[in-house]
1. Quick test for you: out of D233, D172, D142, pick the one residue that is charged (D, E, K, R) and modelled with pLDDT of 90 or more.
2. Give V259, V334, V330 a once-over and let me know the one that is among the hydrophobic types (A, V, I, L, M, F, W, C), surrounded by 18 or more Cβ atoms within 10 Å (Cβ to Cβ), on the phi < 0 side of the Ramachandran plot and free of Cβ contacts under 8 Å to residues at least 60 places away in the same chain.
3. Does any residue of region 167-185 turn out to be surrounded by fewer than 21 Cβ atoms within 10 Å (Cβ to Cβ), in a helix (DSSP H, G or I), touching a residue at least 60 places away in the same chain (Cβ under 8 Å) and more than 21 Å from the chain's Cα centre (by Cα)?
4. If I ask for residues that are outside any loop (DSSP other than H, G, I, E, B) and closer than 19 Å to Q298 by Cβ, which ones from region 337-352 would you list?
5. If T274 passes every condition in (1) out of contact with any Ser or Thr (no Cβ under 8 Å at 6 or more places or on another chain); (2) at pLDDT below 95; (3) within 22 Å of A32 (Cα to Cα) but one, which one does it miss?
6. Going residue by residue through region 245-255, is there one that turns out to be in contact with a Phe, Trp or Tyr (Cβ under 8 Å, 6 or more places away or on another chain), surrounded by fewer than 20 Cβ atoms within 10 Å (Cβ to Cβ) and part of a helix (DSSP H, G or I)?
7. Looking only at region 337-365, filter to residues that are more than 21 Å from the chain's Cα centre (by Cα), among the hydrophobic types (A, V, I, L, M, F, W, C) and surrounded by 15 or more Cβ atoms within 10 Å (Cβ to Cβ); which one of those is farthest from K282 (Cα to Cα)?
8. Identify all residues within region 203-225 that are of a type in the set (K, R), crowded, with 16+ Cβ neighbours inside 10 Å and farther than 25 Å from Y150 by Cβ; write none if there are none.
Amino acid sequence: MWQPDKPYNDLPSLPPKQDLESKDILKQCIKAHSSLARLDQSCKLIPNQTVLVNTLLLLEAKDSSEIENIVTTTDDLFRYIHAENQADPATKEAIRYRTALLKGLDEISRRPLNFNTANIVCSQLKDVEMDIRRVPGTALADQRRREIIYTPPEGEQRLRELLSNWEHYLHDEKKIDSLIQMAVLHYQFEAIHPYTDGNGRTGRVLNVLFLIHKQLLSSPVLYLSRYIISNKDKYYDLLLGVTREQEWTHWILFILKAVEETAEWTTEKILAITKLMESATKFVQAQLPKICSHELIQVIFEQPYCRISNLVDAGIAKRQTASEYLKKLVEIRVLQEQQVGREKIFVNPKLMQLLDQPENSFLPYMSVETEGVQNSVST
């Protein structure tokens, strides 16, 4: 029997004994799959998916870290993505989330998703070699009520048994919907709690890797942590509900709804980013026809906090000319110049605003002359 302050070594093995394919769950599965398919299609329509990976993945990193009370800002993440050693500890941890997900992607491109993938992800997250817990004493507490709410299984042998079962279920070919399977796997991983730290973030990285493993997504752009952090208390309550009462239905419906809403929101965000890129291209072409190029626009959207070296590395221009290009973009207000230490950084303000707000609208680009006329008329 489960007791919150006792190691849950009797955690049931997978698959759950309950029927997981109720009418309500299957109806929600259809909606979630439809939204995921639209998201995947919208990704494929963008020629340069690096823009999405560099932007949406950092938003996921920020919110997944914030769920664990590791709080940073969107600005700091983009500012220090290529200067991690200058960042504060919270920003460093969030940046490592992105790196961990990319490491996981590389791993599953060469071999099937498994528990070793989780080890690689968690090690990257924590910046030390991580493996299964070998010492007792791990417990999860409600900080507000100052009481233990869950004590995961302990003992290396028992953890390995449970993880072996988790991995077997991961590759079980019995006909169960993949999204239901993901919800079950996520609960079980969190309940096993195999590491001394980093379990929640590792589990959320595994969700995205699982969708790619199952070929439901081709790019890691599902911003799932946005939904979880908006429903953080419910997320933890439903996890605990499965532990206490084997209440799988509400947990699975929660994850399916998270996939549906997140996929729809992310699709709309991708469309907005695409429109903003098109608008920027037309504006720069009209204002600076001699320097405007497809490659230049791509770089300032791939790197919202752009450095001179980004243009050099992309082969657009040598350092002095690259600096001149960026300064011209500042003059027409497409970029804003900032000094960070000894380095100059050129920020894409409209893109950053678009990424940082829930809405998907943006003000049109406007020349200095046009803006001056409008201001004069309004005055």
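The values are calculated or read from the model by the stated rules, or taken from the named source; none is laboratory data. Only a predicted model underlies this, so the values are computations on that prediction, with no experimental measurement involved. Cβ atoms come from the backbone with ideal geometry, glycine included; neighbour counts cover every protein chain shown.
1. Only one candidate passes the filter, namely D233.
2. Selected residue: V334, the only one of V259, V334, V330 that is among the hydrophobic types (A, V, I, L, M, F, W, C), surrounded by 18 or more Cβ atoms within 10 Å (Cβ to Cβ), on the phi < 0 side of the Ramachandran plot and free of Cβ contacts under 8 Å to residues at least 60 places away in the same chain.
3. Yes, some residue in region 167-185 is surrounded by fewer than 21 Cβ atoms within 10 Å (Cβ to Cβ), in a helix (DSSP H, G or I), touching a residue at least 60 places away in the same chain (Cβ under 8 Å) and more than 21 Å from the chain's Cα centre (by Cα).
4. I345, F346, V347, P349, K350, L351, M352 - these are the residues of region 337-352 that are outside any loop (DSSP other than H, G, I, E, B) and closer than 19 Å to Q298 by Cβ.
5. Of (1) out of contact with any Ser or Thr (no Cβ under 8 Å at 6 or more places or on another chain); (2) at pLDDT below 95; (3) within 22 Å of A32 (Cα to Cα), only one is false for T274: (3).
6. no
7. I345
8. None; the set is empty.
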